[in-house]
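Asks: The following block contains the structure, expressed as C-alpha cells.
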Amino acid sequence: MASILIVDDSPEVRVALTATLEDAGHDVAEASDGRDAVEQATLIQPDAIMLDINMPDMDGITALRGLRSDPLTRDVPVVMLTAVADMDHVQTAIAAGAQDYVLKPWDADTVIERLWNAIESRRFKAKAGGNRP
C-alpha cells in the first residue's frame, strides 16, 4: 500500500506501530531520533512519516523543520505521534508543517486512518499539480 517511516526513541513504540502498519499492508522503516529520521527520509523517500516530538539528539519539531527545508522531503506528509497534548505543541507542529497530530496512547484504526488521509491528500495535490507524487 504505502511506505511509512516511524520515528520514535522508544523501541516498544516502534515495534507496536510497525506491527500495526504491516498488518494493514504497509511497508515500514524505523528511525530512533530526529537526525536519523531526516537521513532515512532522504534515502528512502517514504509516502508518509509518523514522528514523535520528544526524542534525544534531535527532537521531532527540529526534524520536521529539516524535512520541510529539503526538496527531497518537503512534500512527504508527517503525522506527529506524541504524548505531548498541549495546544502550544500542536500549533508549533502544524506551523512547522505537520499534516496531523495523534496522541499516545493511540488507537490502531486512528493511526491508519490519519496516515491514509495524509497520503491521499498528498496524492490529490500531486494530481492537481501542487507537488510531486
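FYI, it's all coordinate maths here, none of it is from the lab. Note that the structure is predicted; figures quoted are calculated from it, not measured. In this analysis, Cβ positions are derived from the backbone assuming ideal geometry, glycine residues included, and neighbour counts consider all displayed protein chains.
Asks: What does the extension gain come out to for Gln91 and Gln45, with contour length at 0.36 nm per residue minus their alpha carbon separation?
Replies: Working it through step by step, the gained length comes to 14.0 nm.
Asks: Rounded to the nearest 0.05, what FRET efficiency do Lys127 and Lys104 give with R0 = 41 Å and r taken as the Cβ-Cβ distance? Could you check?
Replies: Efficiency for this residue pair is about 0.80.
Asks: Calculate the spin-label point distance for Ala19 paired with Ala83, positioning each point 7 Å from the Cα along the beta-carbon direction, and give it in nanometres.
Replies: A separation of 1.9 nm, rounded to one decimal place.
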